[in-house]
Amino acid sequence: MGKFKNSILLLGLVVIPVILVFRAFFLLGPAVWGDAPYFYPEAFRDFFSEPLVWESRGRLGVVNDLYFIYPLMLIYRGLGFLGLSNDLVIRALFYFPAIFFAFLSPWLLARYLRFSPIVVMFSSLVYVLNTYFILVVDGGQVGVALAYGLFPFALLELFKLVDKRGTSQFFTSLCVFMLLVIADVRFALIAIFTFFVWLVLNRLSVQRRRLIFFGIAVLALSSYWLIPNLRLEPTTGSGTRSSLELISILNPLFLFSPHWPLNEFGKTFPPPWFFVGIPLLIFSNLFFKKNRQVFVLTFIFLFFVFLAKGETGFLGSLYAWGVDTVPLVGGAFRDSTKFFAPLLLFAGILIGLGVQNFQQIFKKQVFSWLVVIVAYIYLLFLVYPAVFGGMNGVLAARAFPEDLNAIASNISGEDRFLRTVWFPERHPLAFSTERAPALDAKSLVNLRPFASLNTGTLDAFNFLHDDESLEWFKLFGVKYLIFSGDTRKASSSQEDQEDWNDLLRLVDDNKDLRRVSWGTEIPVYEVPESKPRIFGVSKVIAVVGSDDIYTKLKNVNPEFSIGNQGFVFLEDGKFDPGVLAKYSPDSALLVLNNKHEEDMALSFLQKHFVSPSESISADWAVRRSKDYLSWKYELLVNGVNTREFDYNKGIAFSSKMGERISFNVDVDDEGEYVLLVRSMSNSNGGLKAYLDNNSFEIYSHTPNNFEWATKDGLMLKKGHHELVFENLGSFGVLNTFAIVRKQEWEGAWNKSWQLTTKFKVVTVGDNVDLKEALEIQEGNKWVEVEYQFVNPAKYQLNLPVGARWIVFTDSYHPQWIAREREDVLPSLPFYSSVNGFGFTDPGNAELVFTGQKEVRLGVYITVISIVVIAAFFVAARIRNA
């Protein structure tokens with residue numbers, strides 16, 4: 001009876017502060033902030049079907065690469081479809097299970113490992129009430145929170161899988177582990193890793209055949225996310241390692257999350273001095289009990305301290321190398337804080353052991369319990385901002401803002417497609433459906449049309465100073481600009497507030513924007529004449545050169561509208577220009593914008609182009625294509641003002657004479673080759689190229705424009721060659737180069753000749769005269785297209801007369817196709833940002849995202865696997881009955 005009372009007491013010591021810290025979930029309110037999802041009833045009613053790989057997600061459209069969470073989100077949407085509110089669903093599916101398991105699963109694990117009740121209690125307390133988990137919940141990272149809670153439970157079942165041989169245990173472990181996979185596969189990978197570290201350090205033997213079967217079952221059941229993950233390229237930046245070093249070794253060592261307690265990205269803090277008690281309690285075990293168990297637990301803790309610190313400090317480059325090079329698994333851990341899960345689990349056990357050791361110093365029970373009470377109060381003190389309601393996100397227990405209700409009511413009442421843009425980013429409670437997507441304003445600079453208008457990365461909304469930005473809002477179907485403020489900042493500095501006020505004044509002074517009267521304090525502006533999601537044009541303008549063509553045309557003809565025709569750019573590196581050859585002569589026009597036919601001819605060889613990032617050594621600065629705004633500004637301050645495309649290869653630049661950049665070049669067969677180099681400089685500078693015993697100089701003749709230099713007649717042997725570029729002085733820029741067979745080079749010129757003889761060609765210099773402008777725009781006018789939204793990955797079209805091209809304003813992706821009768825038509829990157837399709841006749845057609853079939857295949861394999869595994873389980877139970 002005494003043991004039972006003690007257990008209840010210890011249980012209460014954890015439950016009471018847990019309820020206090022997470023009391024927001026027991027109060028009325030949306031319980032949504034930060035990254036937490038919020039679906040309005042209209043969004044729940046949109047569609048309830050198979051998992052869809054394409055969605056808006058704050059942008060014009062992305063491949064949703066969080067495939068593993070599909071089953072949970074299917075249940076989420078299903079419950080909403082049945083009429084349950086988001087407030088209830090998010091609590092029932094994520095928050096309550098996350099907190100419950102974060103409290104219970106370390107308790108069960110520690111007890112299974114036969115630790116004392118005191119150790120069990122402290123392991124649970126530390127795991128559920130720490131700066132990392134509280135910030136994850138407060139930031140609305142619901143999947144991460146649930147996976148964190150399930151992590152010890154899954155690890156416990158892996159231990160039991162080894163210890164117990166029964167069929168029932170196999171299937172129980174499989175089910176629990178798959179729950180962790182569904183919540184967040186990254187934590188599942190960490191669980192496997194932790195499991196094997198535990199086995200090795202404790203010298204435990206395992207039945208290999210059992211583990212192999214378990215692994216095969218997990219892989220088969222994971223097909224629904226594994227297949228699309230392997231076969232679809234993500235468009236969200238997932239797996240890209242951040243260059244920000246926000247965590248040091250002190251953070252995991254002191255169990256201190258660097259963003260505590262503000263939970264504001266980029267604003268980090270070192271561990272306060274009073275967190276020093278954490279490592280003291282942990283490492284005190286080495287002085288009290290020098291046994292193998294303590295050494296193993298301490299080693300595991302230190303090992304995960306090293307992993308949790310990521311790429312900073314000692315051997316950080318090794319961690320960075322692993323993230324960049326290990327396929328699939330490496331990219332999953334670009335955020336090293338995921339390793340806080342095993343770190344906190346073993347830290348809790350070690351803290352419990354430390355408290356237990358200090359207890360044993362005192363013979364009187366009253367002093368022994370005093371040690372427990374002091375340690376308990378100390379650990380709660382470490383998270384006092386959460387205990388006393390000082391958090392800024394989900395745990396702040398906000399009521400639903402009336403302004404957001406008013407905005408949602410007005411937008412949901414619209415009877416046609418529209419997009420809204422929220423500044424600086426989408427509000428956590430923004431109204432958003434697939435028929436009225438809400439976009440992050442800060443993500444617009446990732447679209448080429450807006451990036452081209454910006455001059456750098458410092459002011460993300462610099463494009464609003466240019467009237468052309470309004471044209472792009474119209475083209476992308478943006479009807480409302482909503483200035484809800486930065487919800488991720490706990491407080492704004494005076495400078496931030498001044499910048500925000502300047503932005504509001506800039507928009508308010510724009511006479512083409514009208515502030516709507518919805519009775520909200522949040523400023524909302526209407527964009528006039530926004531276009532539908534899908535519309536038609538009669539002609540596409542294929543441009544060789546930069547996208548300053550829009551400005552040139554507007555300058556000579558104020559009536560010019562970008563959306564009256566499609567534009568594709570042969571130098572953006574997103575498509576093969578050869579596909580244009582199959583379209584009719586009157587459906588396209590070629591424009592050489594400060595370029596020559598050589599520039600068009602060589603665009604047919606882009607599959608051979610080499611990026612400067614592939615260099616083996618470089619004195620030059622190397623920038624990737626995704627860093628366009630950064631390198632555009634760096635070139636500007638060095639006297640190069642350009643809006644050129646880079647074939648999606650990036651650039652390298654040098655400002656000092658004699659600086660070199662080197663490449664390895666492989667030649668497949670001996671023969672005659674041609675070296676092609678695309679470069680520019682800010683004045684009379686130049687480059688010198690060295691290849692084997694050959695060398696030649698390259699000089700720019702057109703300021704601010706990339707030019708091609710050609711060196712033919714190169715007789716090269718099969719094998720490796722080194723190509724070196726040297727800066728001859730001034731400021732030099734290298735975009736790309738290629739070494740191609742002479743026959744391929746001649747073939748590219750032939751393909752270019754075929755296009756120039758089929759389509760009309762207009763050559764444009766630094767300025768465009770009115771005759772040229774009218775020639776480019778002649779007879780162009782956009783038209784309405786009837787279409788039916790089936791789901792985000794499929795649309796049915798009824799093509800009108802005169803719409804030879806369809807503009808579909810979701811983000812460009814090569815896996816979007818159009819079907820016209822039996823023909824499959826590829827997507828072209830219109831405006832280097834959205835999808836365009838060429839059709840031959842009016843009538844019925846459909847747009848389909850072909851990547852959806854990869855998800856469908858994975859789902860089928862998972863369903864079959866469930867049936868097969870269930871059949872094995874039933875057969876085993878019958879056999880053992």
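Quick notes on this one:
- Checking the stretch 516-523 against the condition returns no match, with no residue being within 30 Å of ASP576 (Cβ to Cβ) and open to solvent by 10 Å² or more (accessible area, probe 1.4 Å).
- Single residue of the stretch 736-765 satisfying the filter (over 30 Å from SER587 (Cα atoms) and assigned to a helix (DSSP H, G or I)) that is most open to solvent (accessible area, probe 1.4 Å): GLN743
- Number of the exception - ALA406 against (1) within 30 Å of TYR38 (Cα to Cα); (2) under 30 Å from the mean Cα position of the chain (by Cα); (3) open to solvent by less than 40 Å² (accessible area, probe 1.4 Å): (2)
- For the residues GLY566, GLY578, GLY573, the requirement of being out of contact with any helix residue (DSSP H, G or I) (no Cβ under 7 Å at 6 or more places or on another chain) and small (Gly, Ala, Ser) singles out GLY566.
- From the options VAL136, VAL162, residue that is under 35 Å from the mean Cα position of the chain (by Cα) and either at pLDDT below 95 or among the β-branched types (Val, Ile, Thr) (or both): VAL136
- Extreme residue, farthest from PRO342 (Cα to Cα), among residues of the stretch 303-320 that are modelled with pLDDT of 70 or more, more than 21 Å from the chain's Cα centre (by Cα) and in a loop (DSSP other than H, G, I, E, B): THR312
- Matching residues, the stretch 255-265, being farther than 16 Å from TYR384 by Cβ and either touching a helix residue (DSSP H, G or I) at 6+ places or on another chain (Cβ under 8 Å) or open to solvent by 40 Å² or more (accessible area, probe 1.4 Å) (or both): PRO258, HIS259, PHE265
Let's see how each residue does on (1) farther than 21 Å from GLU659 by Cα; (2) in a loop (DSSP other than H, G, I, E, B); (3) open to solvent by 10 Å² or more (accessible area, probe 1.4 Å); (4) among the β-branched types (Val, Ile, Thr):
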| site | (1), (2), (3), (4) |
| --- | --- |
| LEU687 | no, no, no, no |
| GLU697 | no, no, yes, no |
| PRO703 | yes, yes, yes, no |
| GLU722 | no, no, yes, no |
| PHE725 | no, no, no, no |
| LEU734 | no, no, no, no |
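- Exactly one residue out of ALA845, ALA881 is of a type in the set (A, V, I, L, M, F, W, C), surrounded by 15 or more Cβ atoms within 10 Å (Cβ to Cβ), modelled with pLDDT under 95 and out of contact with any helix residue (DSSP H, G or I) (no Cβ under 7 Å at 6 or more places or on another chain): that is ALA845.
- Restricting the stretch 812-842 to residues that are among the small types (Gly, Ala, Ser) and either surrounded by fewer than 21 Cβ atoms within 10 Å (Cβ to Cβ) or free of Cβ contacts under 8 Å to residues at least 60 places away in the same chain (or both), the residue that is nearest to LYS574 (Cα to Cα): SER827
- Remark: TYR795 falls outside the filter, which requires a residue to be open to solvent by less than 10 Å² (accessible area, probe 1.4 Å), in contact (Cβ under 8 Å) with a residue 60 or more places away in the chain and in contact with a helix residue (DSSP H, G or I) (Cβ under 7 Å, 6 or more places away or on another chain).
- Matching option when the condition is among the small types (Gly, Ala, Ser), at pLDDT 95 or above and in a helix (DSSP H, G or I), among GLY348, GLY354: GLY348
- Residues of the stretch 772-791 that are surrounded by 20 or more Cβ atoms within 10 Å (Cβ to Cβ) and modelled with pLDDT of 90 or more: TRP782, VAL785, TYR787.
- Reported count of residues in the stretch 610-647, each being open to solvent by 50 Å² or more (accessible area, probe 1.4 Å), hydroxyl-bearing (Ser, Thr, Tyr) and over 25 Å from VAL667 (Cβ atoms), is 1.
- Qualifying residue in the stretch 616-626 (condition: in a loop (DSSP other than H, G, I, E, B), over 24 Å from the mean Cα position of the chain (by Cα) and among the polar types (S, T, N, Q)): no
- Any hit, the stretch 545-557, residues being over 31 Å from the mean Cα position of the chain (by Cα), outside any helix (DSSP H, G or I) and at pLDDT below 95: yes
- Being assigned to a helix (DSSP H, G or I), in contact with a Ser or Thr (Cβ under 7 Å, 6 or more places away or on another chain), open to solvent by 10 Å² or more (accessible area, probe 1.4 Å) and of a type outside the set (D, E, K, R) is a property that holds for TYR132.
- Helices (runs of 4 or more DSSP H) (entirely within the stretch 11-100) containing at least 1 residues that are basic (Lys, Arg): 41-46, 70-81
- Strands (runs of 3 or more DSSP E) within the stretch 822-873 that include 1 or more residues aliphatic (A, V, I, L, M) and farther than 28 Å from LYS474 by Cβ: 823-826
- Filter result (within 35 Å of the chain's Cα centre (by Cα) and either in contact (Cβ under 8 Å) with a residue 24 or more places away in the chain or surrounded by 16 or more Cβ atoms within 10 Å (Cβ to Cβ) (or both)) within the stretch 165-178: PHE171, SER173, LEU174, VAL176, PHE177, MET178
- Test: TYR70 is in contact (Cβ under 8 Å) with a residue 24 or more places away in the chain and open to solvent by 40 Å² or more (accessible area, probe 1.4 Å): no
- Residue match in the stretch 258-278 (condition: under 30 Å from LEU74 (Cβ atoms), at pLDDT below 90 and among the β-branched types (Val, Ile, Thr)): no
- Set side by side, the residues LYS607, LYS531, LYS574, LYS511 differ, and just one is assigned to a helix (DSSP H, G or I), open to solvent by 10 Å² or more (accessible area, probe 1.4 Å) and basic (Lys, Arg), which is LYS607.
- Condition met for THR194 (of a type in the set (S, T, N, Q) and either in a loop (DSSP other than H, G, I, E, B) or open to solvent by 30 Å² or more (accessible area, probe 1.4 Å) (or both)): no
- Only one entry of PHE759, PHE737, PHE731, PHE789 meets the criterion of being of a type outside the set (Gly, Ala, Ser) and over 30 Å from THR710 (Cβ atoms), and that entry is PHE789.
- Of the residues SER116, SER124, the single one that is among the polar types (S, T, N, Q), surrounded by fewer than 21 Cβ atoms within 10 Å (Cβ to Cβ) and touching a residue at least 12 places away in the same chain (Cβ under 8 Å) is SER116.
- Within the stretch 536-564, residues that are under 23 Å from LEU602 (Cβ atoms) and open to solvent by less than 30 Å² (accessible area, probe 1.4 Å) have Cβ atoms under 6 Å from residues that are among the polar types (S, T, N, Q) and not in a strand (DSSP E or B) in these pairs: ILE541/GLN565; GLY545/ASN594; ASP547/SER452, counting only partners at least 6 apart in sequence or on another chain.
The values are calculated or read from the model by the stated rules, or taken from the named source; none is laboratory data. The shown structure was predicted, so the numbers you read here are calculated from the model rather than taken from an experiment. Neighbour counts run over all protein chains shown; Cβ positions are idealised from the backbone, glycine included. All accessible areas refer to the heavy atoms of the entire protein, side chains included, with ligands and DNA or RNA removed. Shrake-Rupley method; radii C 1.70, N 1.55, O 1.52, S 1.80 Å.
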